[in-house]
Amino acid sequence: MTPLPLWRRARPYFAVDARLALLVGLLVAAGLGTLYSAALDFPGRFELQLRNVLIAIALMWAAANVPPPALMRYAAPVYGAGVALLLAVFLFGISRKGSQRWIWIGFEFQPSEMMKIAMPLMLAWLFHQFGAMKRTHLFMVAALLLAVPVGLIIKQPDLGTGLLVLAAGLYVVLLAGLSWKALAAMVLAGLAAIPLAWPLLHDYQRNRVLTLLDPEADPLGKGFQIKQAGIAIGSGGVSGKGWLEGTQGHLGFVPERSTDFIFSVFAEEFGLAGNLVLLVLYALLIVRGLQIASDAPTVFSRLLAGAITLIFFTYAFINLGMVSGMVPVVGVPLPFFSYGGTALMTLGTGCGMLMSIRRASLLPR
């Protein structure tokens, strides 16, 4: 029998969804180009992001080659490990700028980022395994599993990541069939709780909300960054100033220009036209993820794929809204774009899981 060519034998190990990989690749390439410009006065940051991208690609490939049944088996252990690491952070984590979010495990690691994947993984497993349980009881168990890590993350304090983990879990619950009446009750309860939660917020969190409502109240202090980001976005005009030609970022008017506010640099250099292209790329990424979720062969796969896709949407929506002055500043990076290792690795792992689910949907049933 004629042996198979090498490329045919290697093909199963490189089974990625071409459309998803292309969209992620375009976003990463655009992000690297923008970061190069934004980080000109941060030596080494661009090279570090290249390393982060390579690690994220490796994680994406590894996750893409883990079949959904294996992901199910890992769900509870990964969730348990994530909660244990959050407890470790609470007990002896590394503090920086008033927040205790990291732990040393040979390198600095932020366990809260891990929960963005562990949370939907665990809840998707729960609804798949115990779908026959009384719905009220099942939702109560899901609420408890969600409340523990979210509470630990907000305690760090890290409201932005806590909200993202909460959203990741709630997406699974919604996709699992939470009734509209129950959803409306949750929304009303959340709105009613705002006056009670306001005194519990840290001063910097209250200041961010107040700055959103009136950025001109302290334009040289608390409102400086959001005001300068708005100036950068507006100064880009229709076609932008050109790559490496932005002034707001290069002159230091936008402090977090390579991380959470990198969109302001992109908007200034590529203008409205570039912004529209970027929005189309994110829209296509979300549509592709939802297509994978709709074709998923099991309840677990459908819930996990849907939640991961909606996490991508939440990242993009909050970051773009934050930089544009439509939502409070909560420290959420622009997916596949902002500088940072842990978030990029989390997103890469999520993409790999989507690819794994897509490959499973193509197998004979």
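Per-residue ellipticity at 222 nm computed for the chain from its helices equals -23000 deg cm²/dmol, with DSSP H segments shorter than 4 residues left out and the rest contributing -39,500 (n - 2.57). Just checking the listed ones, LEU304, LEU126, LEU354: in the Gaussian network model of the chain with Cα springs under 10 Å, the one fluctuating most is LEU126. When each of the peptides 31-39, 259-267 is scored by the mean number of other C-beta atoms lying within 10 Å of its residues, the order from highest to lowest reads 259-267, 31-39.
In plain terms, the chain from ILE231 to ARG96 could stretch by 45.6 nm, reckoned as 0.36 nm per residue minus the Cα-Cα distance. Only lysines eight or more places from LYS227 in sequence, or on another chain, were considered; those with a Cα closer than 21 Å are LYS241.
This ranking places TRP61, TRP180, TRP243, TRP104 by how few other beta-carbon atoms lie within 10 Å of each, fewest first, which gives TRP180, TRP104, TRP243, TRP61.
Between PHE130 and ALA62, the contour length at 0.36 nm per residue exceeds the Cα-Cα span by 21.7 nm. Under a Gaussian network description of the chain, with springs only between Cα atoms under 10 Å, the residue in SER294, SER95, SER258 that fluctuates furthest is SER95. Each Lys or Arg adds one and each Asp or Glu takes one away; over the other residues whose Cβ falls under 15 Å from the Cβ of GLY237, this sums to -2. Label sites at GLU108 and LEU48, each approximated as a point 7 angstrom past Cα along Cα to Cβ, lie 0.8 nm apart. Can you tell which of ARG302, ARG45, ARG257 shows the greatest fluctuation in a Gaussian network model of the chain with Cα springs below 10 Å? Most flexible of the set in this elastic network: ARG45.
Modelled spin labels at TRP243 and ALA18, positioned 7 Å past Cα toward Cβ, are 2.6 nm from each other. Relative to the Cα centre, the charge distribution of the chain, modelled as +1 at Lys and Arg Cβ and -1 at Asp and Glu Cβ, gives a dipole magnitude of about 1300 debye.
Of the peptides 170-176, 51-57, 22-28, 135-141, the order by per-residue mean of other Cβ atoms within 10 Å, starting with the highest, comes out as 170-176, 22-28, 51-57, 135-141. Put a dot 7 Å past the Cα of ALA189, heading toward its Cβ, do the same for TYR74, and the two dots end up 3.3 nm apart.
Here, each number is a calculation from the coordinates, and none is a lab measurement. Keep in mind the model is a prediction, meaning the values are calculated, not measured. No Cβ is skipped: glycine too gets one built from the backbone with ideal geometry, and neighbour counts run over all protein chains shown.
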